[in-house]
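Following: one structure in structure tokens, then a few remarks.
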Amino acid sequence: MPNSPMHLPLQTFAVAAVLAALAPSLPAQSAASIADAIYTNARIWTGDATQPSAQAIAIREGKLVAVGTVAQAFTHRGPATKVIDLQGRRVVPGFSDAHWHLSTTDQADLTDAKSPAEIVRRLKAWAAKRPAGSWVVGRGWTPSDFPGNAPHRRFLDVAFPGQPVVLTDRDGHQSIANGRALALAKVTAATPDPVRGVIEREAKGVPTGLLKESARQLVVRLVPEPTVDDIARRIDEETRKAASFGIVLIQDASGRAPEHAVLTILRAAAAADTLRVRYRAAFPFTPDASVATVRRYTMLRDSVNGPWLRFGIAKGMLDGTVDAKTAAMLEPYVGSDDTGLPFWPAATLNKGVARYDSAGIQVELHAIGDRAVRTALDAYAHAAKVNRTQGRRHRIEHIEVPALSDLPRFKQLGVIASTQAIFATPDQTTILNYAPLLGPERSSRANAFKKFDDAGAIQAFGSDYPVFPMDVLLGIYTAVTRQTPDGTPKGGWYPENRITVEAALRHYTKDAAYAAFMDKETGSLVVGKYADFAVLSADILTIPPSALLKTKVLLTIIGGREAYRSTAFP
């Protein structure tokens, strides 16, 4: 057994001896300095450059009162102090997922289906548990699941001739609707493409069922909304899951309106002090937002700013995705004249960003293609110039294929690179659809995290859940190896873009907290900050990268509270 005395490191017994010797001679302390709990005998990576490592921490009223040696922590021990021996395990600051989405819809999981037949099989199993005739919904397919990377409704029409079906892709930017769903939505050959959307068509303009970007809403709007009870249940389930991965801060990039049921429930939970993790929610960014709308957002930011729930950031979209060929590129996709789908003219975007910036609102812009990334950087530069502002910590989300010449601008402008570690997974979709659409040169700079680091950018890691799993250790593995979990390709996909475990840790902790304006409260283990940390089953700073896949979070502490405990702990 890995945790048996025979397998504990020698320093474990040495620390235990120190504790026994110190206990009788500890100096008397005032009640205000006595710890509620002391976690000792640990290998602590603090994330603090002035004190990179420690062996023990002491907690009082949810905050750290000591981070250092065992002796230092035990100066805060009182008669009622709880002492937890971590048996030499690795401790890290609690993780932040800098780009996450709360999914409120119950739907079939189509992840890694790999074929239309498997998609249909999963849909039928899911539909069998629902009322007859109800909508069939699913998420997780990718273009490579279909012959010729071409999704088509014919696969769904045969299996569900009279029942409406709509399936969202893994990235959330494309949907496939069957004939029944298109009929209910009145989408025909005569239906024009909506603004910032595409209805894919075949002969004589007949829809194939593939709906891109805003065209998705033509059908998705008809799917019944979840109830308040459904949403509350999902919040509880998803935040419990987040805590099990060592996540202490979620940054939800969904951009919901302030009156949305999700935000109402979150506010009630924060008021009742029942949120399991810290939560920062975004409201919408639209370039044409009125002054009154922006003022309403600032009032929400100022009124909801507690330790468990915060606002203060606005989420906008500038383009789509590479897999859908809607990411806005400077040059056409391979084998095409298509350069993607920019969502806003530059002049309109500049005006909108400046309006939010002048109100002190942080902006995060989804920009995947190099053209969209440059447009976002230009908008932030414009806002800083016209408003004479700085320190807004504006962000660009995803930044999958930036132009290399634009990377230094992140540091120059103080713009945060909000990237997703697991996006570098060289899976079937990446190899068969994504990379061929980009070509070798652009693929070599896709999700190139080391290039951001080398340019001096502050890089905040997230998952884009549910696009990819919110498993932080899987994300670290991907950033470090650029391989799939089975170890392919050998040496990694464009291995020059790999980073170290410690760099990935920093992006998931200190840098991600900075991106949320919470770096003075969490993200590193420093006296005075919240007691937010995770205890791991292995020392991720010393084990081989492949062992990251077997490493688990054993304990997650948030504000001194136990948010998650594995059955394997202690």
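The values are calculated or read from the model by the stated rules, or taken from the named source; none is laboratory data. Model, not experiment: these values are computed from the prediction. Quick reminder, even Gly has a Cβ in these numbers, built from the backbone with ideal geometry, and neighbours come from all protein chains shown.
The numbered conditions (1) over 26 Å from residue 430 (Cα atoms); (2) at pLDDT 95 or above are all true for residue 199 except (1). Of the listed requirements (1) in contact with a strand residue (DSSP E or B) (Cβ under 7 Å, 6 or more places away or on another chain); (2) in contact (Cβ under 8 Å) with a residue 60 or more places away in the chain, residue 126 misses just one: (2). Does region 437-444 contain at least one residue that is farther than 30 Å from residue 147 by Cβ, surrounded by 18 or more Cβ atoms within 10 Å (Cβ to Cβ) and not aliphatic (A, V, I, L, M)? The answer is no, given that none of the residues of region 437-444 is farther than 30 Å from residue 147 by Cβ, surrounded by 18 or more Cβ atoms within 10 Å (Cβ to Cβ) and not aliphatic (A, V, I, L, M).
Being of a type in the set (D, E, K, R), outside any helix (DSSP H, G or I) and either surrounded by fewer than 23 Cβ atoms within 10 Å (Cβ to Cβ) or in the same structural domain as residue 211 (by TED's automatic domain parsing) (or both) narrows it down to one of 236, 323, 319, 302, so name that one. Of the residues listed, the single one that is of a type in the set (D, E, K, R), outside any helix (DSSP H, G or I) and either surrounded by fewer than 23 Cβ atoms within 10 Å (Cβ to Cβ) or in the same structural domain as residue 211 (by TED's automatic domain parsing) (or both) is 323. Taking the criterion of being surrounded by fewer than 17 Cβ atoms within 10 Å (Cβ to Cβ) and under 17 Å from residue 85 (Cα atoms), the residues of region 540-567 that qualify are 561, 562, 565, 566, 567. The single condition among (1) surrounded by fewer than 24 Cβ atoms within 10 Å (Cβ to Cβ); (2) under 20 Å from the mean Cα position of the chain (by Cα); (3) at positive phi that residue 414 does not satisfy is (2). Residue 570 fulfils the conditions (1) surrounded by fewer than 24 Cβ atoms within 10 Å (Cβ to Cβ); (2) modelled with pLDDT of 95 or more except for a single criterion, (2). For region 210-231, a residue qualifies if it is in contact (Cβ under 8 Å) with a residue 40 or more places away in the chain and in contact with a Phe, Trp or Tyr (Cβ under 9 Å, 6 or more places away or on another chain), and the qualifying residues are 213, 222, 223, 224. Of the numbered criteria (1) of a type in the set (Asp, Glu); (2) assigned by TED's automatic domain parsing to the domain that holds residue 311; (3) touching a helix residue (DSSP H, G or I) at 6+ places or on another chain (Cβ under 9 Å), the one residue 200 fails is (2).
Residues in region 535-570 that are in contact (Cβ under 8 Å) with a residue 40 or more places away in the chain, in a helix (DSSP H, G or I) and under 22 Å from the mean Cα position of the chain (by Cα): how many? Selection size over region 535-570: 3. If you go through region 57-74 one residue at a time, how many are buried (at least 18 other Cβ atoms within 10 Å of the Cβ) and outside any strand (DSSP E or B)? Qualifying residue count for the region: 3.
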